[in-house]
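One structure is given below, encoded as structure tokens.
Bear in mind that the values in this text are calculations on the coordinates, not laboratory data. Given the structure is predicted, the values throughout are model-derived calculations rather than measurements. Using ideal geometry, Cβ is built from the backbone for each residue, glycine included, and neighbour counts are taken over all protein chains shown.
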Ligand code: NCD
């Protein structure tokens, strides 16, 4: 794909060459992300950071990426503080924000909302999470992390665990992994299974997919275990959420017993599904993964702004 001025809305828009390009640029910018070098690559550029849903990592890593590359940031945080609260459409907001900024990162609670926003935008728009739908920059961060930690993505067996129905990170990641030669194991209660549409997509691409409720068995057979939290905010009632909360919990003992070499990832925040004693394991990659988000977002900002 042509990156210059492109909207980044779904992980489906990337072919394998695109992902490799992003990984290569992220690697080049990594010393800046890791505070070893300074850079003025994006001097004079302004990121509008519009986060209408809660965020810590995604917003701060986008903003850190822009600022550390010498750019500037203007933010809206939360619905309360925006004109959308007054009834303004995403389309109108996009028209306006395009006058003020050079690139937009947006998170909003409805599926498809970032696409609707991009229709009014004349600057590149990056989806930072649209409801339960997609989170493409997280998926790129995840693949970057696997490639960095294990030197390859091809040949890996990757288990995704937890709320696969509402988890936008696993939706984007599964789609992006269909560009690689991998085996996927989906671990969830049947009520929180991966959406059919994504399973069809994987089938079409010839990805081997298995579904199970058995976490232990999946740990034994995986190279990478991708945990997710049960998405409280996506359930209409608290009782249903409570039924699933705590259904899968990783402990140090469990990992050591089943597969001490497995790479453990999680988009975070964790809400009880990874016991803090797991953090001591070499394979506990989730904090490093969150750190990698800065390099990957630096790469995306630089590419859409035509600076890499
Ligand atoms: C995820 C998200 O917002 O979708 N967090 C993140 O961006 N790293 C996962 C989550 O909230 O559970």
For residue 214 and residue 243, calculate 0.36 nm times their separation in residues minus their Cα-Cα distance, and state this gained length in nm to one decimal. 8.7 nm
Can you put 149, 119 in order, fewest other beta carbons within 10 Å first? 119, 149
Can you sort 229, 270 from fewest to most other Cβ atoms within 10 Å of each residue's own Cβ? 270, 229
Gained length - residue 39 relative to residue 2, 0.36 nm times residue gap less alpha-carbon distance: 10.9 nm
Return the Cα extents of segment 1-109 along principal axes one, two and three, sorted largest first, each rounded to a whole Å. 43, 30, 25
The orientation-averaged projected area of the Cα convex hull of segment 141-237, in nm², is 6.1
Give me the one-decimal Kirkwood hydrodynamic radius in Å for segment 95-203, with the sum taken over alpha-carbon pairs. 15.1
Remind me, relative contact order of segment 33-82 in percent, using alpha carbon pairs under 8 angstrom and six or more residues apart? 49
When a footprinting reagent is the concern and you count Cβ atoms within 10 Å, what order do 156, 1 take, fewest first? 1, 156
Computed E for residue 197/residue 150 - FRET, C-beta separation, R0 35 angstrom, nearest 0.05: 0.75
I need two numbers for the chain: Rg to one decimal and Dmax as a whole number, Cα atoms only, in Å. 18.9, 56
Please state, rounded to one decimal and in Å, the Kirkwood hydrodynamic radius that segment 1-46 gives when every pair of distinct Cα atoms enters the mean of 1/r. 12.5
Taking the convex hull of the alpha-carbon atoms of segment 230-305 and averaging its shadow over every direction gives an area in square nanometres of 7.0
In percent, how large is the relative contact order of the chain, given Cα pairs closer than 8 Å and 6 or more residues apart? 21
